[in-house]
Structure formats: structure tokens, C-alpha cells
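Encoded as C-alpha cells, the structure appears first; notes follow it.
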DNA sequence: GACTCTTGCACAAACGTTTGCAGGGGACGG
DNA sequence: CCGTCCCCTGCAAACGTTTGTGCAAGAGTC
């Protein structure tokens with residue numbers, strides 16, 4: 001029922017191979033024949049069969065993406081970037097939600113591997129070993145995860161963290177809390193690393209809590225611990241947790257930002273519109289998705305652009321209404337003698 | 001490089017066709033041979049080539065989904081349901097963001113059509129005519145859009161709207177505003193229809209505003225209009241708009257819920273966690289996605305279950321903190337004489 | 001006018017599967 | 001002991017493309 005290359009060939013009075021060439025390597029056929037073929041193809045509404053094509057070429061024209069949690073708007077942001085960039089190059093996108101589960105992630109990539117030219121894994125939970133195994137199966141590009149010899153787009157959240165520390169320091173904060181995200185997460189390690197470096201430089205003490213689930217509920221749970229820690233500011237692994245913290249602080253009657261400053265990470269839409277608007281670090285989600293696809297396609301199509309297999313994306317502090325001068329209710333504002 | 005069915009055949013000392021049968025129609029081969037084949041396949045890590053398979057069978061094992069706006073958590077909820085259900089039946093999922101653009105939607109479905117067994121279109125912006133054309137190209141299942149002879153999962157938002165009206169009426173509201181979403185949207189029409197019916201029955205007057213963009217910004221813009229309408233409650237097309245309304249009301253010093261009640265639609269995560277928590281109607285997002293895939297696969301695999309081509313999903317009012325007794329600052333609480 | 005070179009096209013093989021058809025062999029009944 | 005039937009397996013065709021190879025005709029050169 002569907003129209004094949006043979007139908008077009010018959011209508012244009014040429015052989016199927018000529019049709020194929022007219023449609024792809026058009027310089028190999030005479031102008032007049034090419035026009036005839038294109039006209040015939042258009043009239044019949046010919047669409048090449050991707051299965052047949054990929055069978056012979058070994059390429060599919062598809063890429064895959066797996067994210068840890070679709071409910072987190074951060075990942076839908078990168079999803080948008082990925083899809084936009086892929087579409088621009090004529091690739092279709094397979095998508096899957098790994099649900100923060102390493103074995104699900106691996107299974108999903110394996111399942112996709114035969115029908116994609118490559119997959120971008122977004123902040124994967126899988127182990128390095130697993131990732132290497134998958135990289136042997138298909139081309140891989142990582143987002144916010146570093147692994148030798150595997151191309152990756154990385155958001156420089158350590159730098160964002162430095163900006164946060166400088167901001168808080170300028171506001172007089174000397175003793176702050178950091179609520180960790182998943183312990184295995186590259187992003188969390190990066191943020192913590194940036195925090196440590198900047199904090200010791202500024203002689204600021206920071207107490208760690210967690211790891212917590214990087215979700216609203218995780219923030220709610222974490223808030224009480226942080227509150228007991230005698231700090232003047234709480235830095236959260238991400239915005240979702242920060243929103244949870246805000247909610248819990250409100251419940252407990254702690255005024256933000258006057259009694260407690262809170263800062264998040266990601267700059268989700270909701271960070272801008274919640275009350276009070278959240279001070280946070282903007283992560284380039286769509287740009288990250290696009291960059292990952294750039295790297296993937298560069299590898300797949302062999303169009304290395306000499307920029308190497310890594311892309312570093314910058315992050316920026318966005319000051320809103322959840323940070324203010326350090327609370328004076330804790331007058332000396334130093335770590336309590338525990 | 002990749003291992004083919006011939007490799008397995010050689011290792012198991014059988015012909016390729018036997019391997020094929022052992023893997024799919026296993027009752028056609030003797031038990032001992034089947035075991036030998038399966039063992040060989042496992043040892044070699046054989047994975048069938050989907051392109052070759054789909055070339056001969058005409059089926060791909062893939063489905064597609066296109067949504068209007070990935071930034072709206074409603075659709076990511078649906079996406080989760082779709083992917084979970086698809087995976088359960090061994091289907092992989094192509095995904096695309098139509099960006100609320102009818103022509104983009106159509107182009108995306110056309111692009112996918114050759115490599116999927118069907119696609120679910122989620123609250124599409126495309127016209128009926130366009131949808132019919134696409135239904136001729138591939139199997140279609142709709143979510144929150146009704147079109148004769150095309151299977152669809154529909155959320156009964158008219159019923160949810162009735163519950164909202166009853167709730168507001170009980171609180172003493174007699175004059176309310178409805179902020180419309182996109183005029184072409186089936187969901188908006190349904191909600192409006194439910195609203196009209198319930199309101200006239202209850203002798204409640206409702207003034208319409210919009211259409212607005214179904215986003216935060218749309219709500220911000222709409223709030224001022226509604227405020228000037230002399231109403232005691234604002235019903236929004238969806239939660240995103242409701243959040244925009246809340247934000248704008250706060251800016252203008254209007255106390256919610258005491259001076260103005262606000263209700264949304266969808267029950268996004270943020271409706272539950274914003275301040276004050278939003279009264280809204282819960283939409284079964286994941287269930288809707290699953291139901292749509294059910295319908296699609298029933299059509300594709302010919303496993304009609306006799307339940308007909310439509311699924312109706314129920315919706316429920318969730319009362320939180322943005323609705324209260326009608327404001328008395330507008331003492332007579334009836335439509336101002338315009 | 002004969003040679004070579006180029007251009008434009010057709011032929012056929014190949015990609016990895018599935019599946020209709022046929023054949024071989026064993027079991028069973030007569 | 002022979003015929004029939006059934007179970008299992010192999011052979012080969014087919015799916016719709018792409019692409020290497022070969023051939024024919026025309027253009028250019030001497």
C-alpha cells in the first residue's frame with residue numbers, strides 16, 4: 001500500500017537506483033532527470049522507508065535520550081533542547097525515563113541501542129562500569145557526568161556555587177548548611193566541591209546534611225535538620241529541595257529571608273514565581289541538551305570540530321528574595337560549640 | 001560487527017530460520033533445539049536487528065507521542081504514563097514537542113509516521129482535517145480531543161467543573177470569572193461547557209475572559225481583567241494560569257482566599273506546594289497516557305477489547321487553601337450593573 | 001575518423017530478518 | 001512391513017533501500 005521507490009521509478013521512467021541517487025546524491029544525475037524524479041516523488045507522496053534505508057546504511061537517523069526523572073522540570077528543559085537540536089539535524093528522538101534506577105537505565109539504553117545512532121544520558125545513575133559497557137554498544141554522550149573518553153556536556157556548577165558563597169558572605173553569613181542531593185550524583189559532587197573550595201577560602205563553615213532525595217519531599221525532610229544546625233543560610237542541591245525547605249520553614253514559622261536565607265540550584269520556572277521568589281543558580285538546561293546532541297552527532301557523523309569531546313557551560317547566580325543579611329538572632333553568628 | 005541471526009545459527013548448528021522460530025514462535029521447534037538456540041543467542045549476546053525485522057513484518061515496535069508544550073508538567077505526567085505503558089508492552093517511544101503549533105504537529109507526525117506503529121496526540125492544536133489526514137498515515141490515538149472514529153482517552157473535566165461550581169456556590173459565591181485557555185482547545189471547551197451548565201442550574205453568573213496563553217504569564221495578564229470584573233472567585237483554565245493569577249493578586253495586595261477565591265485545573269505538583277496551596281481539579285495524567293496507549297495498541301495489534309474506541313477518565317475537585325466564603329467587601333455580591 | 005575520457009544511467013548484490021513451502025524421518029496404524 | 005501423517009527443520013524468496021560495477025553514448029583530442 002505505501003508507495004515505494006519502485007513506484008517512483010516507474011512513474012519517472014528511470015531505474016530505482018536513479019531515484020535513490022536523485023534524492024540523496026543529486027549531483028550524480030542529470031538535471032532534467034532529477035527534476036522528473038522529484039516531480040514523480042512529490043506527486044506520489046513518496047516517503048522513504050527508514051527501515052530499509054537503515055538496514056543497508058547501518059544508520060538510523062534516530063537518537064535516544066534517557067533522563068532520571070521526568071517530573072523534574074530540569075530534565076524536561078534539557079529534553080526540549082535535545083529535541084530541538086535533533087530535529088534541526090533531521091534526527092528523531094527516542095525517549096525514556098530511567099526513574100533514578102541504574103538497572104532501568106541500562107536496560108533502556110540496551111533496548112534502544114539497536115535502533116539509534118547514539119544516546120545522550122542525562123545525569124545518569126548508572127556506574128562508570130555500566131556506562132562503559134553501554135558506550136561499547138552505541139555512541140554515548142553524557143550530560144552532567146564525566147567519564148574518560150566519553151563526550152560530555154558539563155555545567156560548571158562549581159562556579160555557580162562560588163558565586164553563591166560570595167553572595168552569602170557579602171551578606172554576612174559565616175555558618176551555612178548544604179543539603180546534599182544523591183550521593184552518587186556528579187552534579188552533587190561538583191557543587192559540593194565548589195562549595196568547599198569557596199567556603200574555606202572565605203573562612204565560612206559549612207555543615208553537610210543528607211544525601212536526600214532531590215525532590216520537594218527531600219527538602220521538607222532536610223529543613224528540620226538544617227534548622228537544628230544553627231546556621232543562617234541553607235544551600236540546597238536543587239530548586240525542588242529548596243521549595244520543600246521553604247514550605248517547611250513557613251510551616252515552622254521561620255521567616256525567609258530575615259531569619260533564614262535559602263538558595264536553590266537550577267532556576268526552574270517555579271523558582272521565579274513562588275513566594276518569596278527563590279535565589280538560585282541558573283543552569284543552562286536547553287543549551288546543555290543542545291550541546292550534548294552536538295557532541296553526539298559530531299561523533300556519529302564524524303564531523304569532529306576540533307573542540308574536543310567536552311563542552312563546559314557556565315552557570316550564574318540569580319538573586320531574588322530568599323537571601324538577605326544574616327540573621328542577628330544568632331548574634332555572634334558562628335558555629336555553636338557542639 | 002554486531003552479531004546476526006546467522007552467527008547464532010552457526011553456533012547452534014541450525015539454520016537461521018530455526019533460530020528465528022525458536023525466538024518468536026517457540027512452539028514450532030523441538031525443546032532441545034530451542035534450548036540450544038537460546039543458549040547460543042545468550043552467549044553471543046544476540047539482539048535482533050529491528051530494521052530488518054520491521055522491513056519484513058511491516059511493524060516497528062515503536063509508538064510516538066506528540067505534546068503541545070513540554071514545559072507544562074501536565075504533559076510530562078502524560079508522557080510518564082505513555083512511556084510506562086509502552087515499555088510494559090515492549091514498545092519504544094518516539095517523542096516530540098509540537099510547541100502549540102498545528103503545522104509543527106503535523107510535520108512531526110508525518111516524520112514519525114514511517115517508523116512507528118501509531119502515535120498518540122495529546123491535546124493537539126491541529127485541526128480536525130489535519131488530524132484526519134494524519135489518521136490516514138498511521139494509527140492515531142487522541143488524548144483530550146474528540147474526533148469521530150478516532151480512538152481517544154478523554155478526561156471528564158466538565159464533571160470536575162461541576163464540582164468546582166458546587167463548591168463555590170456552597171461558599172456563597174454568586175458571581176465568578178472564568179479565564180479561558182486556548183480557544184481552539186477541546187479541554188477549554190469542555191470546561192466551559194461544564195461551567196455553563198452548572199452555573200445556570202445554580203443561577204450563578206459567570207463572566208468570560210480570554211482566551212489566554214495557558215501559562216503563568218497568561219494568568220498574570222488575566223488577573224487584572226478578572227479583578228476589574230467585580231467577581232468573588234476566579235476559575236482558571238489550568239494551574240499554571242492560576243499560579244500567575246495568585247502571583248499577580250499578591251502583587252496587587254488582594255488577599256487570597258479572603259478577598260478573592262482562586263481555583264485551578266490539573267493538580268500539578270506545584271499546586272500542592274505553593275503558598276497558599278491551590279484548590280484545583282485533579283486530572284489523571286498518567287492514567288490518561290496509559291489509556292491512550294491502551295487504545296492505540298488495541299487498534300494496532302487488533303486486540304479490540306470491546307470497550308469501544310473511547311475511554312472516559314474521571315476528575316476530582318481538590319479543596320486546598322485558595323477558596324473560602326465569598327468576600328463581603330462586595331456586599332450584595334451580584335453582578336455590577338454594567 | 002579513431003581513440004580516450006567523461007557523463008548518465010541500469011543492473012544486481014547486499015543489509016538481517018520472517019515465513020511459505022517442501023522434504024526427511026520417525027511414529028503409528030493397518 | 002508398508003503407507004500415512006505429523007513434527008521438525010532447511011531452503012529460498014521477500015521486504016525497500018543504497019551502492020559498486022559496467023555499459024553506452026556523447027564530447028574532446030590528435
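The values are calculated or read from the model by the stated rules, or taken from the named source; none is laboratory data. Since the structure is predicted, the reported quantities are computational estimates derived from the model, not experimental observations. Here Cβ is always computed from backbone atoms with ideal geometry, including for glycine, and neighbour counts include all displayed protein chains.
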Quiz item: Here are some residues: A:164, A:150. Which one is surrounded by 21 or more Cβ atoms within 10 Å (Cβ to Cβ) and not in a loop (DSSP other than H, G, I, E, B)?
Solution: A:164
Practice problem: Could you look through the stretch A:255-272, keep only residues that are part of a helix (DSSP H, G or I) and surrounded by fewer than 24 Cβ atoms within 10 Å (Cβ to Cβ), and pick out the one that is farthest from the other protein chains (Cβ to nearest Cβ)? | Solution: A:272
Quiz item: On the given criteria, is residue A:92 touching a residue at least 24 places away in the same chain (Cβ under 8 Å), within 14 Å of the chain's Cα centre (by Cα), facing chain B (nearest Cβ under 10 Å) and within 19 Å of residue B:91 (Cβ to Cβ)?
Solution: no
Exercise. Please state which one of B:2, B:16 is facing chain A (nearest Cβ under 10 Å) and either near DNA strand C (Cβ under 7 Å from one of its atoms) or crowded, with 19+ Cβ neighbours inside 10 Å (or both).
Key: B:2
Practice problem: Out of the residues in the stretch A:19-31 that are farther than 10 Å from residue A:48 by Cβ and out of contact with any helix residue (DSSP H, G or I) (no Cβ under 8 Å at 6 or more places or on another chain), state the one that is farthest from DNA strand C (Cβ to nearest atom). | Solution: A:25
Quiz item: Has the stretch B:238-254 got at least one residue that is outside any helix (DSSP H, G or I) and surrounded by 24 or more Cβ atoms within 10 Å (Cβ to Cβ)?
Solution: yes
Quiz item: Among the residues of the stretch B:35-63 satisfying the criterion of being touching a residue at least 40 places away in the same chain (Cβ under 8 Å) and more than 8 Å from every other protein chain (Cβ to nearest Cβ), which is surrounded by the most Cβ atoms within 10 Å (Cβ to Cβ)?
Solution: B:63
Practice problem: Would you check which residues across the stretch A:97-110 are in a helix (DSSP H, G or I), facing chain B (nearest Cβ under 9 Å) and within 24 Å of residue B:66 (Cβ to Cβ) and list them? | Solution: A:108
Exercise. Would you check if there is a residue in the stretch B:181-192 being within 14 Å of chain A (Cβ to nearest Cβ) and in contact with a helix residue (DSSP H, G or I) (Cβ under 8 Å, 6 or more places away or on another chain)?
Key: no
Practice problem: Evaluate the following for residue B:29: is it modelled with pLDDT of 90 or more, crowded, with 16+ Cβ neighbours inside 10 Å and within 30 Å of residue B:7 (Cα to Cα)? | Solution: no
Quiz item: Yes or no: residue A:76 touching a helix residue (DSSP H, G or I) at 6+ places or on another chain (Cβ under 9 Å) and within 14 Å of chain B (Cβ to nearest Cβ)?
Solution: yes
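Of all the helices (runs of 4 or more DSSP H) wholly in the stretch B:1-96, which have at least 1 residues that are over 30 Å from residue B:240 (Cβ atoms) and within 10 Å of DNA strand D (Cβ to nearest atom)?
B:5-12, B:16-23, B:31-44, B:50-57
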Self-check item: Among residues of the stretch B:268-293, those that are modelled with pLDDT of 95 or more and under 19 Å from the mean Cα position of the chain (by Cα), counted
Solution: 14
